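Scroll down for the structure; my scribbles are underneath it.
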Amino acid sequence: MLQTRQNSLGVRFEAQCRAFEKEPFPSLEVRKDRLKRLLALTEKHEAEICAAIDSDFSGRAQQETRLAELFVVRAGIRHAIRHLRRWMRERRVATSLPFLPGGNRLLPQPLGVVGIVSPWNYPFQLAVAPATAALAAGNRVLIKPSELTPKFSDLLARLVEEHFSPDEMSVAVGDADVGKTFVSMPFDHLLFTGSTAVGRQVALAAAANLTPVTLELGGKSPAIFDASCDLDAAVASVAYGKLLNAGQTCIAPDYLLVPQGQGAAIATKLAAAMARLYPRLRDNPDYTAIVSERHHQRLSDMIAEAREGGADVTEVNPANEKLGVTDRKMAPVLVRNPGETLRLMREEIFGPVLPILEYGTVDDAIEHVNRGERPLALYWFGKDSANRQRVMRETVAGGVTVNDCMMHLVQERQPFGGVGESGMGAYHGEWGFRTFSKEKPIFVQSRLSAGGLLRPPYGRTFERLLRLLNLIG
């Protein structure tokens with residue numbers, strides 16, 4: 001079975017390569033048609049998509065899927081359709097004086113066949129959003145969705161087959177072995193969204209083919225409460241940002257930094273804010289389950305280690321329900337004063353567990369962030385512009401939202417991507433179009449060029465002209 005899938009994958013890849021050779025620069029009309037079909041896929045099959053993801057998670061609110069996946073993808077497709085003509089346009093670029101009256105141009109050219117490896121936590125958004133950018137740029141697309149969401153992956157494969165020919169876009173369903181084969185193929189560009197550990201393996205596999213990669217990873221994204229912040233508003237924002245998709249979000253606040261002496265009071269406020277969002281958990285369709293038993297156990301082990309290590313652990317379970325026996329629901333957990341050697345302080349948590357640390361000065365908060373790996377996101381809450389400017393300038397993160405959580409992700413006029421351990425490259429909007437394009441520099445020589453005077457045989461004319469070029473250059 002594995003060999004059959006790998007052979008099928010190779011056949012589809014070759015078909016896309018041949019199709020691209022026949023149409024290396026799709027017209028604006030062709031690209032818009034592909035984007036409109038992708039938009040139709042999201043609009044016609046919303047209920048099926050929500051149901052498949054809900055089934056894979058054993059409980060995820062269709063409202064979360066509609067907002068965090070379908071809405072985000074539709075907005076991105078519509079934005080691309082509106083702006084594609086401008087993105088595709090060959091642009092004039094200034095020409096240095098010595099080379100006038102020649103002229104420079106930049107032509108955005110499709111790369112060829114783009115591979116997309118998407119994760120399980122937002123399986124629709126993180127497959128289709130990069131596909132939007134790749135199709136807008138004129139490429140063919142192969143998608144490998146996660147094996148942890150099998151019902152959705154099968155659905156996506158069927159829907160793509162209904163709306164696209166296989167040599168335009170296709171979905172490769174399979175396990176981790178199929179994934180290894182996928183990332184080893186000589187794509188013209190490969191985008192991977194997932195963990196940092198797997199991202200390293202993907203980069204190594206792609207390097208064998210000199211395939212350029214965009215890595216959207218994760219890491220420990222901090223939320224910082226400045227002493228000047230509106231505490232109630234900040235707490236409400238972090239409670240929502242942390243518990244959306246039960247914390248299984250790459251840009252969820254991973255830990256919270258609060259002013260010295262305020263940890264206990266803020267934990268109390270957070271518990272109350274979380275209880276308002278989810279007054280019950282087990283049978284609450286608004287509250288998402290953990291995607292698999294393995295991930296549920298991983299999070300349980302982290303919490304147990306924190307308790308054993310002497311941290312102050314608070315479970316937010318407003319109705320005192322028994323969870324995790326016949327379901328994979330997990331109550332939110334607040335962890336105060338965790339030791340730095342704990343797993344939840346060393347690894348990305350990716351669940352509804354929030355460590356709360358206290359800091360003395362802005363210098364201390366900045367130093368703590370910079371001591372760790374560079375995060376995918378950073379959140380700062382406060383009114384003090386001087387402190388905000390210091391944090392913005394003196395820390396490095398993939399993206400930042402000030403006085404809210406996660407909003408930078410949905411800005412189609414801004415790039416989204418990581419830095420260092422949290423990834424490389426960016427997409428969304430025009431940045432996605434550019435990621436999947438080769439901006440080809442073109443110099444157009446003028447008939448009035450004096451370049452011929454610089455050719456052999458060299459003599460006085462050459463020396464005079466070179467002297468002039470040095471003066472004006």
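Observations on the model:
- Column: log10 I(q)/I(0), Debye, Cα scatterers of the stretch 1-141, q = 0.09, 0.15, 0.16, 0.22 Å⁻¹: -0.39, -0.88, -0.96, -1.28
- Surface accessible to a 1.4 Å probe, per residue, for the residues of the chain, Å²: 45 Å²
- Gap separating the Cα centres of the stretch 379-416 and the stretch 280-334, nearest whole Å: 29 Å
- Across the stretch 445-455, coupling constants 3J(HN,Hα) worked out from phi with the 6.51/-1.76/1.60 Karplus curve, θ = phi - 60°, read 7, 8, 5, 8, 5, 9, x, x, 6, 9, 8 Hz, and Gly and Pro carry x.
- Taking 7 Å steps out from each Cα toward its Cβ at A75 and Q63 produces label points 1.8 nm apart.
- With at most 12 neighbouring Cβ atoms within 10 Å, loop GluC sites (Glu not before Pro) (DSSP) excluded, longest segment of the chain: 91-339
- Pairwise label distance in nanometres, S300 with L466, each label 7 Å out on the Cα-Cβ vector: 7.8 nm
- Spatial separation of Cα centroids for the stretch 439-463 and the stretch 124-175, in angstrom: 49 Å
- Each label was represented as a point 7 Å from its Cα along the Cα-to-Cβ direction; for A40 and E315 these points are 5.1 nm apart.
- Apportionment of accessible area to carbon and sulfur, the chain, percent (1.4 Å): 53 percent
- Anisotropy class of the chain from Cα gyration tensor, a/c 1.5 cut: oblate
- Within the stretch 459-473, backbone nitrogen closer than 20 Å to the virtual label 7 Å beyond the Cα of S96 toward Cβ: 462-473
- Y458-D177 FRET efficiency (beta carbon distance; Förster radius 56 Å; 0.05 resolution): 0.35
- Built amide H within the under 5 Å cut-off of K144, gap 5+: I116, V117, S118, A172
- DSSP H segments from the chain that extend 27 Å or more along their own axis, Cα-based, with Kyte-Doolittle mean of -1.0 or above: 2-22
- Volume per residue of the C-alpha convex hull in the stretch 146-277, rounded to whole Å³: 164 Å³
- Sparsely packed trypsin sites (Lys or Arg not before Pro) within the stretch 71-133, loop by DSSP, other Cβ within 10 Å at most 15: R89
- Potential extension, R343-R200 segment - 0.36 nm per residue separation minus Cα distance: 49.5 nm
- Computing FRET efficiency as 1/(1 + (r/R0)^6) for R390 and S27, where r is the C-beta to C-beta distance and R0 is 45 Å, gives about 0.35.
- Value of [θ]222 nm, deg cm²/dmol, for the chain, DSSP H segments ≥ 4, -39500 (n - 2.57) each, nearest 500: -13500 deg cm²/dmol
The values are calculated or read from the model by the stated rules, or taken from the named source; none is laboratory data. Keep in mind that this is a model prediction, so the values were computed, not measured. Cβ sites come from the backbone with ideal geometry, for glycine too, and all protein chains shown count toward neighbours. Accessible surface areas use protein heavy atoms only, side chains included; no ligands, DNA or RNA. Shrake-Rupley method; radii C 1.70, N 1.55, O 1.52, S 1.80 Å.
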